[in-house]
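Worksheet: one structure, shown below.
The values are calculated or read from the model by the stated rules, or taken from the named source; none is laboratory data. This is a predicted model, so every value here is computed, not measured. Quick reminder, even Gly has a Cβ in these numbers, built from the backbone with ideal geometry, and neighbours come from all protein chains shown.
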Amino acid sequence: MGAIPRSDMPGHRRLQERVHAALDRCQESQAIEFKESAEWESLKWGIIRTLMAMANLRDGGVIIVGASEHGETWDLSGIDSSHLSTYQVDEVTDAVNKYASPPLSLDIVLVPYGNNTEFLAIRAREFELAPCVCKRNGPDQVKSFREGEIYIRPAGKAQTKKVTDAHEPQDLLELAAERRARRMIETAHRIGFVPAAGAQRAFDDELQGL
Amino acid sequence: MSKAPARLPVPVLEHPHWRVSIRPEAYIPDVIPSLSKCFEIVEKNRVRFRGWDYPHLSRHEQERGHGKTWVASWANFMGHFEYWRLYQSSQFLHLFSVRESTEPRWRQKLQAETESHLSHYRHVNWNDVPGFFSLTNFTYCVTEIIEFTTRMVQSGTYAGTVNISIELNGIQGFVLTTSWERAWFKYYAASEDALGIVGK
């Protein structure tokens, strides 16, 4: 599949707002990472690892290709068209999911911003039930991928790292437990195990007449 | 037998006020594991579109409180009264005054603007109108409520269907109006004392 959809399509509006907000502020964060415009092959490993870490965040995260920091200034010149042609949606998705387990849900869109400037946004959505784990070793020249590793984005930092001590994945474990609990509640509702009718009364009682 | 309503630290119920209730579909008494987490949720999800956050989370300890299963914060600031509670069940209740009514200068400004807009309604004695309702403020308030709810859903506090109830109380006779730079020709007054809407 060749064409990368543009973010002004209705289904991508929220992602576009998120990218615009990041570009307006020129601010990377735990959930936002900027990359200087380059071909897929040269950014590939960094992108895959970062997306795997972002999938382990609440609400996921976005990589924006075409923005970079040079000393004290920001270069927001967007993605070069010759670089853009090296990104194929299927190829990027396959490359990520060759290493990510469970497979990641990705959105890859072209985001217009400013005058005739476009940025490539790759969003990893938050994992469904189980956190993302690296399922295989990278090639010999890429030491940063090891089977069984879990990558995270530390709080408050635009940085990707593997889990190295028990304290680090605390938020991740909490999130996973929450997702499981939510799935259980939804299932219970679907099969009629949780009677919704009684809920309103319970909420009313809780207010104690307030 | 239901208990008598709690006495609130601010007189919000004694004035025309908004009553906003946000509830998830299922009642789970401790879906939020702790009271400190309740404060943290409001801190993270409150909306700051303008000078006053929604809901307002006071920085002063004496304007915060808690019960066995809920946390609360309130404000009494220049005629604005506000009180909210977030329960561990994730039920959120918010009471806040109709500021156009409780802030005297705002009331005066809206009255002057309405008199100018609706000068062709010669039979109306504007000093007898119990209150004025700013269309702009109304839009802001509803937007803030919806945005706050959306953020609560997105951050995982609510799952499944969320019920939102928005009520306005004590507003009989209030006249809808807008600021002077907008066109406004009709006289709309609330015929009911309480108006509300429930959505999912």
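Working only within the range B:52-95, note down all residues that are among the small types (Gly, Ala, Ser) and in contact with a strand residue (DSSP E or B) (Cβ under 6 Å, 6 or more places away or on another chain). Talk me through it step by step, then tell me what you get.
Residues of the range B:52-95 that are among the small types (Gly, Ala, Ser), as a first pass: B:58, B:65, B:67, B:72-73, B:75, B:79, B:89-90.
Correct list: B:Ser58, B:Gly65, B:Ala72, B:Ser73, B:Ala75, B:Ser90.
In this structure, is A:Leu120 buried (at least 18 other Cβ atoms within 10 Å of the Cβ) and out of contact with any Ser or Thr (no Cβ under 8 Å at 6 or more places or on another chain)? Before you say what the answer is, go through the steps one by one.
Details: buried (at least 18 other Cβ atoms within 10 Å of the Cβ): yes; out of contact with any Ser or Thr (no Cβ under 8 Å at 6 or more places or on another chain): yes.
Yes.
Sort through A:Asp80, A:Asp107 and tell me the only one that's away from chain B (no Cβ under 14 Å), among the acidic types (Asp, Glu) and either touching a Ser or Thr at 6+ places or on another chain (Cβ under 8 Å) or surrounded by fewer than 14 Cβ atoms within 10 Å (Cβ to Cβ) (or both). Working first, answer last.
Working: A:Asp107 fails: either touching a Ser or Thr at 6+ places or on another chain (Cβ under 8 Å) or surrounded by fewer than 14 Cβ atoms within 10 Å (Cβ to Cβ) (or both).
That would be A:Asp80, the only listed residue that is away from chain B (no Cβ under 14 Å), among the acidic types (Asp, Glu) and either touching a Ser or Thr at 6+ places or on another chain (Cβ under 8 Å) or surrounded by fewer than 14 Cβ atoms within 10 Å (Cβ to Cβ) (or both).
Look at the range B:1-40 and say how many of its residues are within 13 Å of chain A (Cβ to nearest Cβ), surrounded by fewer than 20 Cβ atoms within 10 Å (Cβ to Cβ) and part of a helix (DSSP H, G or I).
3
May I ask you to list pairs of residues, at least six apart or on different chains, whose Cβ atoms are under 7 Å apart, with the first in the range B:98-113 being surrounded by fewer than 21 Cβ atoms within 10 Å (Cβ to Cβ) and the second being part of a helix (DSSP H, G or I) and among the acidic types (Asp, Glu)?
Listed pairs, sorted by first residue: B:Trp106/B:Glu100; B:Arg107/B:Glu100.
Among the residues in the range B:136-157, are any within 14 Å of another protein chain (Cβ to nearest Cβ) and part of a strand (DSSP E or B)?
So in the range B:136-157, the residues within 14 Å of another protein chain (Cβ to nearest Cβ) come out as B:147, B:150-157.
Add one more test, that the residue is part of a strand (DSSP E or B), and what stays is none.
No, because not a single residue in the range B:136-157 is within 14 Å of another protein chain (Cβ to nearest Cβ) and part of a strand (DSSP E or B).
From A:Asn56, A:Asn115, grab the single residue that is part of a loop (DSSP other than H, G, I, E, B), touching a Pro at 6+ places or on another chain (Cβ under 6 Å) and outside the structural domain of A:Leu173 (by TED's automatic domain parsing). Working first, answer last.
Values: A:Asn115 fails: touching a Pro at 6+ places or on another chain (Cβ under 6 Å).
Sole residue among the options that is part of a loop (DSSP other than H, G, I, E, B), touching a Pro at 6+ places or on another chain (Cβ under 6 Å) and outside the structural domain of A:Leu173 (by TED's automatic domain parsing): A:Asn56.
Could you please give the count of residues in the range B:41-55 that are in a loop (DSSP other than H, G, I, E, B) and aromatic (Phe, Trp, Tyr)? I'd like the intermediate steps shown before the answer.
Within the range B:41-55, the first condition is being in a loop (DSSP other than H, G, I, E, B), and the residues that meet it are B:46, B:48-53, B:55.
Pick out the ones that are also aromatic (Phe, Trp, Tyr) and you get B:49, B:52.
Number of matching residues: 2.
Could you count how many residues in the range B:146-173 are within 20 Å of B:His15 (Cα to Cα) and of a type in the set (A, V, I, L, M)? Steps first, please.
Keep residues of the range B:146-173 that are within 20 Å of B:His15 (Cα to Cα), which gives B:165-173.
So of that shortlist, the ones also of a type in the set (A, V, I, L, M) come out as B:166, B:168, B:171.
Adding up the residues that qualify gives 3.
Out of (1) exposed (fewer than 13 other Cβ atoms within 10 Å of the Cβ); (2) of a type in the set (Gly, Ala, Ser); (3) part of a helix (DSSP H, G or I), the odd one out for A:Ala3 is which?
With (1) exposed (fewer than 13 other Cβ atoms within 10 Å of the Cβ); (2) of a type in the set (Gly, Ala, Ser); (3) part of a helix (DSSP H, G or I) applied to A:Ala3, the lone miss is (3).
The conditions are (1) out of contact with any Leu (no Cβ under 8 Å at 6 or more places or on another chain); (2) closer than 23 Å to B:Ile32 by Cβ, and A:Arg179 fails exactly one of them. Which is it?
Every condition holds for A:Arg179 apart from (1).
A:Ile185 passes all but one of (1) on the phi > 0 side of the Ramachandran plot; (2) at the interface with chain B (Cβ under 10 Å from one of its Cβ atoms); which number fails?
(1)
Go over the candidates A:Glu149, A:Glu178, A:Glu206 one by one and state the one that is within 14 Å of another protein chain (Cβ to nearest Cβ) and within 26 Å of the chain's Cα centre (by Cα).
A:Glu178
If A:Ala177 satisfies every condition in (1) surrounded by 12 or more Cβ atoms within 10 Å (Cβ to Cβ); (2) in a helix (DSSP H, G or I) but one, which is the exception?
Tallying (1) surrounded by 12 or more Cβ atoms within 10 Å (Cβ to Cβ); (2) in a helix (DSSP H, G or I), A:Ala177 fails exactly one: (1).
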